Amino acid sequence: MRHKPAIAAAAVAFLLGWFDIVGYVRYVAFFWPYLGPPVLLYGPFFVRPLFKNASPAARAGLPASRYGNAPYEFLGGNDIGLVFYPGAAVEAAAYAPLCRRVAEEAKATIILARAPFRTVITTEAFHKLTARHPSVKTWAVGGHSHGAGSFGGMKVVSKAPDVVRGFAMLGAVPTGEWTDLSNRHRDLEVLNVLASEDAIASPQKGARHVYGDGLIADGFKKLPKSTRRVIIKGGNHAGFGDNGIQTHDGERTISHEDQQDQTARHLVAFLKRVRKRG
């Protein structure tokens, strides 16, 4: 049929525009052993529509193009750095205001990663990001939700023990049996910031995982006993970024600005502690 090339081109264009094709291939390769053929459809047709865009205010001051994988970088100092991973279904720019503020107040280099598809965050990609700033000698990893979880920042920390000196989790809970940092109480500074109205990573007693099985409290056993855990009273899951309402989340009872202020303060103090370790 003479229309076949045009149909094929349209299909490729659709995938490129609707779902980052590199991320799609990596996503399929990673989950195929667990889900089989259905994984081919889960990504573009069930996961991608849930993606949350950053607010226009959050994107202010960032490069004009919203597409591509180049990280956003905020340079407040070069003796300590933090690589920050966004939540799985949130545009990275949603965390730009928080990262910019922390970089300035902590006098640190903050790299806001933009992985093609955040179900797959690799140690190799982390090393490529840190290599962009060879003057930074002390590194920490941080993230929101999945970006800090067992498939995200937590995995990076566990595979780069000689490089990472700090780990900051925002609205995140370790899941699964494959990543365990409980024995890292001496060489790793860990911050776990939760929010009282967060219904996805709830700090409430007896709360269960929304996207999995078991009690959330059991996941915290994968972190060192020295972990500093703080709860932002009145905050919720989406309040750690700037991307509007999030599915399954609770309702925030404080302002977004208040939650961002408290989160930034905890991250700045965290980086100061990591700096002393370095």
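The values are calculated or read from the model by the stated rules, or taken from the named source; none is laboratory data. Since the structure is predicted, the reported quantities are computational estimates derived from the model, not experimental observations. All Cβ positions, glycine included, derive from the backbone under ideal geometry; neighbour counts span all protein chains shown. The area values use the complete protein model at the heavy-atom level, side chains included, leaving out ligands, DNA and RNA. Shrake-Rupley method; radii C 1.70, N 1.55, O 1.52, S 1.80 Å.
Listing for the model above:
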{"item": "Extended-chain gain in nm, criterion 0.36 nm per residue less alpha-carbon gap, Ser135 and Ala217", "result": "25.7 nm"}
{"item": "Accessible-area composition of region 72-199, carbon plus sulfur, in percent [1.4 Å probe]", "result": "51 percent"}
{"item": "In order through region 152-161: 3J(HN,Hα) via Karplus (6.51 cos²θ - 1.76 cosθ + 1.60), integer Hz, x for Gly, Pro", "result": "x, x, 4, 5, 4, 4, 5, 9, 10, x"}
{"item": "Lys233 paired with Leu75, simple spin-label distance in nm, labels 7 Å along Cα-to-beta-carbon", "result": "4.2 nm"}
{"item": "Pairwise label distance in nanometres, Asp180 with Lys272, each label 7 Å out on the Cα-Cβ vector", "result": "3.5 nm"}
{"item": "Calculated FRET efficiency for the pair Asn53/His127, C-beta based, R₀ 41 Å, to 0.05", "result": "0.90"}
{"item": "Heavy-atom surface of region 190-250, accessible at 1.4 Å and reported per residue (Å²)", "result": "49 Å²"}
{"item": "Residues Leu62 and Ala207, FRET efficiency given R0 of 35 Å [Cβ-Cβ distance, rounded to 0.05]", "result": "0.50"}
{"item": "Percentage relative contact order, region 82-193, counting C-alpha pairs under 8 Å, at least six apart", "result": "26 percent"}
{"item": "Three-way shape call for region 90-195 based on the alpha-carbon gyration tensor, with the a/c threshold at 1.5", "result": "rounded"}
{"item": "14 Å beta-carbon shell around Ser135, net charge (K/R +1, D/E -1)", "result": "+1"}
{"item": "Rg to Rh quotient for region 136-278, alpha carbon positions, Kirkwood Rh", "result": "0.95"}
{"item": "Beta bridge orientation in region 152-278: antiparallel %, DSSP, nearest 5", "result": "10 percent"}
{"item": "Sites Asp261 and Val28, calculated FRET efficiency, Cβ-Cβ separation with R0 41 Å, nearest 0.05", "result": "0.50"}
